[in-house]
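The values are calculated or read from the model by the stated rules, or taken from the named source; none is laboratory data. Please read these numbers as outputs of a predicted model, since none were measured by experiment. Quick reminder, even Gly has a Cβ in these numbers, built from the backbone with ideal geometry, and neighbours come from all protein chains shown.
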């Protein structure tokens, strides 16, 4: 079984929402990049995730939302828009925090679990993970996953450790 088939089998949904969503972005020339766990998978040994964290060019957000069919549920929050389908287990989270907008320009096509998509540069993925980890309002389990992703990136790209805040570098050095 290839990586794409594996991810699709995990989804256990009636349709491949990831492929459909990526096709909508491509067809309508919507600028985006993947951040979060799936983006980490583009640079290090992949771990399975059914979350697609993505940033879309702010000026194209309304265009994207208008192209999503009635089959999708859209929930708006202060810094994100969640998209889901009853036909899929994949959860799509559009990040609306302006800090992520600059990631789009530095993104590039990458293959992630068998799907080609625009992925933020590894430096930006690390920055995004560090921001998520430092957010004390996030659940402890989410923050621990973010820290694990930071460690995975630093193990493969040790030169990026110096770009992290001193307290995070110290925590990495302590192995905590």
The residue from 80, 66 that alone is in contact with a strand residue (DSSP E or B) (Cβ under 9 Å, 6 or more places away or on another chain) and surrounded by fewer than 20 Cβ atoms within 10 Å (Cβ to Cβ) is 80
Any chance the stretch 139-152 includes a residue that's touching a residue at least 60 places away in the same chain (Cβ under 8 Å) and over 18 Å from residue 47 (Cα atoms)?
-> no
Taking into account only those residues within the stretch 111-161 that are in contact with a strand residue (DSSP E or B) (Cβ under 9 Å, 6 or more places away or on another chain) and surrounded by fewer than 19 Cβ atoms within 10 Å (Cβ to Cβ), which is modelled with the highest pLDDT?
-> 121
Working only within the stretch 37-51, note down all residues that are in a loop (DSSP other than H, G, I, E, B) and under 11 Å from the mean Cα position of the chain (by Cα).
-> 49, 50
What single numbered condition from (1) in contact with a helix residue (DSSP H, G or I) (Cβ under 7 Å, 6 or more places away or on another chain); (2) at pLDDT 95 or above; (3) crowded, with 16+ Cβ neighbours inside 10 Å fails to hold for residue 28?
-> (3)
Can you name the residue in the stretch 15-36 that is within 15 Å of the chain's Cα centre (by Cα) and not in a helix (DSSP H, G or I) and is also nearest to residue 124 (Cα to Cα) among such residues?
-> 35
Does residue 100 satisfy the condition of being modelled with pLDDT of 95 or more and surrounded by 14 or more Cβ atoms within 10 Å (Cβ to Cβ)?
-> yes
So is residue 54 closer than 30 Å to residue 155 by Cα, in a strand (DSSP E or B) and touching a strand residue (DSSP E or B) at 6+ places or on another chain (Cβ under 6 Å) or not?
-> yes
